[in-house]
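See below for the structure under consideration.
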Amino acid sequence: MSYTIAIVGRPNVGKSTFFNRMLEQRKAIVDDVSGVTRDRQYGIVEWNGKTFNIIDTGGFVPDSVDIFETEIRKQVRIAIDEADAILFMVDVTNGITTLDENMASMLRTTPKPVYLVVNKVDNHQRQLDATEFYSLGFDTIYNVSSISGSGTGEVLDAMCEKIELIEEVEKTELPKFAIIGQPNVGKSSLLNALIGQERTIVSSIAGTTRDTIHTHYNLYNKEFVLIDTAGIRKKNKEKDDLEFYSIIRAIKAMDEADVCLLVIDAEKGMTAQDVSIFSLATRKGKGIIILVNKWDIMEKATNTSRDYEKLLLEKVAPFTDVPVLFISAKEKTRIFKAIEIGLQVFESKSRRIATSKLNEIMLKAVESYHAPVVRGHSVKIKFITQLPTHVPSFAFFTNFPDDIKMPYKNYLENQLRTHFDFKGVPLRIFFRKK
C-alpha cells in the first residue's frame, strides 16, 4: 500500500505552490496515461525510486474567514488520523502566529513523522529569521522556497527515508475490487447487496463509513476480495471535512485494488469530484468501471441510458473505453453484472500479448497510417513489445522516439484497444530508440 503524506498549515503559507513543486520534481506525477488532469488536491510523487501519495489540504479549505480556523483544525485532525506522515508548513515572512502554535501543539501529540517546513526562505536574513520556528518544539526544520524550489530536495530525501522501498507485495491470486466514490452515493448499500448481509451500517448521513474492510467473496463460482471504506464512524464533536476525508479513504482503497468500481449518484451525474477520483484511479493504473447507482428512481424515456452514458463519457475523455453500468444497489439490479464485468476487466489488465501477434497486428496499423514526417525524415516503427509491468504497457521502437506527438500516440492506443480487449484498463505507451 502506498505511503500518504498530507500538507497542513494555515492559509497563504504556500502549501499549494509547494505541492505543485513536488509534482514537478523530475516530472513526478505519473501522467503517461492519456487524458490525465493534474489535480490541484492530490498527486503521486516519485523520488529516488520511491513513490508516495501527497495531499494538499489547501484545496479543501472553504473561503469564509470565520470558519477557517475550525476547518483547518478538522483537517489537521483528519491528517493525523489518516496520513502516514504530515508536512507542517509555516511562513517565515509572518513569523509564528497563534494558529501555527495551535497546530503545532496538536501535531506534537502524534507518533507519526511531522516535517516542519519553513517556506519563503530565499535570502540570508530569512534563514536567520527561520530559526525562531525551533520554538514550536520539532527537532528539525527545513527551510525552503516553494517558488524557486530551493530546499525541496532535502525535504523529499527526509520523507523518503521513512518509506520502505516497496517490495513486490505478496500476491494473493484473487482479484481485489475497491468500491470508491463520494460520500452517500450508495457504496455500503452496494457492498451489503453483494454479500447479502448487513456487513456495514447503511444510513443516509454522508460519510457514515470509516475504515477499509476486506470481504472475501466466494459465491456462484466467483471468488474475489471486495475492499470497502466501511465500518462504524467514531462520533466526533465536530463534523469531519467529508470531501477531504473521502479522498484519503479512496486513495488508500485504490492503492490496494486491481479494479475500482466507481459508484456515482444517478441524480447528480458525473461531478467534478467524481472525475478527479476517476483520473486518480487511471493515473494509478487501476482497472475501472463506472456504476451509476439509484437508477431505479430516475425517470426514463427510450434513449435515457444511452444519452446519459454519452454525456458521462464526454466528461472522462479521452479515456472513454470504460464500462458504464446502470445499477440499483437497493433493488439489487445489475449488481452481479458489475462483478462479472469487474472480473473481465481484471483479466484484461493481466493479459500478456505474444510479441509475434502484437507485431503482426500493430505493424499493419502503422503501415495503414504513418506517423507524420519529422524535419523531412519519415518516422519508422520497426518493433513492438509488451513490457513486464502491472499496468499494460507497450514499447514501440522507432528512429525518432521524441518526435511522436499525442495524436499519433492516441491512434496507436486506439488500435491496441480495437484489436485486443482492454475495456476499462488504462494503457501506457512508450517510444524507444530502436
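General remarks:
- Residue count, the range 115-131 (criterion: open to solvent by 30 Å² or more (accessible area, probe 1.4 Å) and either part of a loop (DSSP other than H, G, I, E, B) or in contact (Cβ under 8 Å) with a residue 24 or more places away in the chain (or both)): 5
- For the range 316-328, a residue qualifies if it is open to solvent by 50 Å² or more (accessible area, probe 1.4 Å) and not polar (S, T, N, Q), and the qualifying residues are ALA317, PRO318.
- Condition check for ARG77: farther than 22 Å from THR17 by Cβ, modelled with pLDDT under 85, surrounded by fewer than 20 Cβ atoms within 10 Å (Cβ to Cβ) and not acidic (Asp, Glu): yes
- Residue satisfying all of: in the range 93-104; in contact (Cβ under 8 Å) with a residue 40 or more places away in the chain and aliphatic (A, V, I, L, M); surrounded by the most Cβ atoms within 10 Å (Cβ to Cβ) among these: MET103
- Checking each residue in the range 362-407 for being closer than 15 Å to HIS419 by Cβ and either of a type in the set (Ser, Thr, Tyr) or surrounded by 11 or more Cβ atoms within 10 Å (Cβ to Cβ) (or both) picks out MET362, LEU363, LYS364, ALA365, VAL366, SER368, TYR369, ILE384, GLN386, PRO392, PHE394, PHE396.
- All positions within the range 292-315 that are closer than 20 Å to VAL263 by Cβ, of a type in the set (Ser, Thr, Tyr) and not in a helix (DSSP H, G or I): none
- Residues located in the range 320-338, provided they are of a type outside the set (D, E, K, R) and at pLDDT 90 or above: THR320, VAL322, PRO323, VAL324, LEU325, PHE326, ILE327, SER328, ALA329, THR333, ILE335, ALA338
- Flag if VAL322 is under 28 Å from ALA257 (Cα atoms) and aliphatic (A, V, I, L, M): yes
- If you check GLU347, GLU331 for being free of Cβ contacts under 8 Å to residues at least 24 places away in the same chain, under 29 Å from TYR217 (Cα atoms) and either surrounded by fewer than 16 Cβ atoms within 10 Å (Cβ to Cβ) or not acidic (Asp, Glu) (or both), only one passes: GLU347.
- Here LYS268 qualifies as open to solvent by 20 Å² or more (accessible area, probe 1.4 Å) and not in a helix (DSSP H, G or I).
The values are calculated or read from the model by the stated rules, or taken from the named source; none is laboratory data. Here the structure is a predicted model, which means the values were calculated and not measured. Every residue, glycine as well, gets a Cβ built from its backbone with ideal geometry; the counts of neighbours run over all protein chains shown. For the accessible areas, the whole protein counts, side chains as well, though only heavy atoms, and no ligand, DNA or RNA atoms are used. Shrake-Rupley method; radii C 1.70, N 1.55, O 1.52, S 1.80 Å.
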